Amino acid sequence: MTVILHHLNNSRSQRIIWLLEELELQYEVKKYERHPETFLAQDDLKKLHPLGKSPVITDDGLTIAESGAIIEYLVSKYGNGCLKPKDQKEWVQYLFWLHHAEGSAMLYMLERFHLRNMATPEVQEKMISSFLQPAQQKELDFVEGELSKSEYLAGDTFSACDIQMAFVLEFAEVLEKSFAPKRPKIAAYMERVRSRPAYKRAIEKGDMRYELSDFSKRFY
């Protein structure tokens with residue numbers, strides 16, 4: 001059966017298109033549009049999953065939500081041993097990054113979105129300068145240090161955890177304006193992952209009509 005990806009434009013589901021391209025699977029993309037004013041997912045996604053969020057895939061009678069769960073499912077079922085490390089130490093790193101991306105790293109950036117909707121500019125600035133910005137810098141320093149040890153996050157071979165984390169780093173890049181020269185390892189890493197043919201195909205098939213920097217103008 002063909003995997004169906006329910007893709008919200010300019011969202012985390014871009015990761016799943018990239019993964020499907022890396023796996024060279026046959027798949028179908030059903031596209032959904034964000035609300036033009038709130039920029040949130042509209043109610044049509046709730047017909048697939050109660051949370052009404054993307055990404056969601058349907059495959060072989062199953063409906064699976066959440067980026068990390070979808071990545072683990074697709075790599076386990078269709079990866080044929082590829083896109084995850086065989087070495088135990090690297091596999092542990094792979095698991096860490098796969099879950100750290102959304103469980104910790106992305107939180108500091110998303111908090112700015114929430115602050116925009118619930119706090120005055122003065123409170124926003126205080127929260128960003130006293131907590132969110134230092135936490136983000138600590139996170140990026142950690143990633144920079146890890147990439148000084150290997151080409152990719154779980155060793156010297158590209159894996160699915162790089163797909164998971166690259167989306168987070170693209171958000172961070174918008175906020176940082178540029179990773180170079182302060183974080184040359186991250187800058188070089190992003191060049192490597194963006195040069196992958198599957199990444200380029202995913203950008204085209206995902207219909208990325210504007211850059212993350214345009215998204216940031218709405219919320220940052």
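Scanning segment 174-183 for residues that are over 14 Å from LEU147 (Cβ atoms) and touching a residue at least 12 places away in the same chain (Cβ under 8 Å) returns VAL174, LEU175, GLU176. The listed residues are LEU83, LEU74, and the only one of them that is modelled with pLDDT of 95 or more, on the phi > 0 side of the Ramachandran plot and crowded, with 17+ Cβ neighbours inside 10 Å turns out to be LEU83. Number of residues in segment 88-128 that are at pLDDT 85 or above, out of contact with any Gly (no Cβ under 8 Å at 6 or more places or on another chain) and among the polar types (S, T, N, Q) equals 2. From the set of residues in segment 133-172 that are touching a strand residue (DSSP E or B) at 6+ places or on another chain (Cβ under 9 Å) and assigned to a helix (DSSP H, G or I), which is farthest from LYS86 (Cα to Cα)? Selected residue: ASP162. The numbered conditions (1) under 13 Å from the mean Cα position of the chain (by Cα); (2) in contact (Cβ under 8 Å) with a residue 24 or more places away in the chain are all true for TYR94 except (1). Looking at the structure I just gave you, is ALA172 surrounded by 13 or more Cβ atoms within 10 Å (Cβ to Cβ), within 24 Å of TRP18 (Cβ to Cβ) and not charged (D, E, K, R)? Against the criterion (surrounded by 13 or more Cβ atoms within 10 Å (Cβ to Cβ), within 24 Å of TRP18 (Cβ to Cβ) and not charged (D, E, K, R)), ALA172 qualifies. Of the residues LEU147, LEU169, LEU212, which is under 15 Å from the mean Cα position of the chain (by Cα), among the hydrophobic types (A, V, I, L, M, F, W, C) and modelled with pLDDT of 85 or more? Result of the check over LEU147, LEU169, LEU212: LEU169. Considering only residues that are on the phi > 0 side of the Ramachandran plot and modelled with pLDDT of 95 or more, which ones fall in segment 1-52? Within segment 1-52, just GLU24 meets the criteria.
The values are calculated or read from the model by the stated rules, or taken from the named source; none is laboratory data. No experiment lies behind these values; they were computed from the predicted model shown. Neighbour counts run over all protein chains shown; Cβ positions are idealised from the backbone, glycine included.
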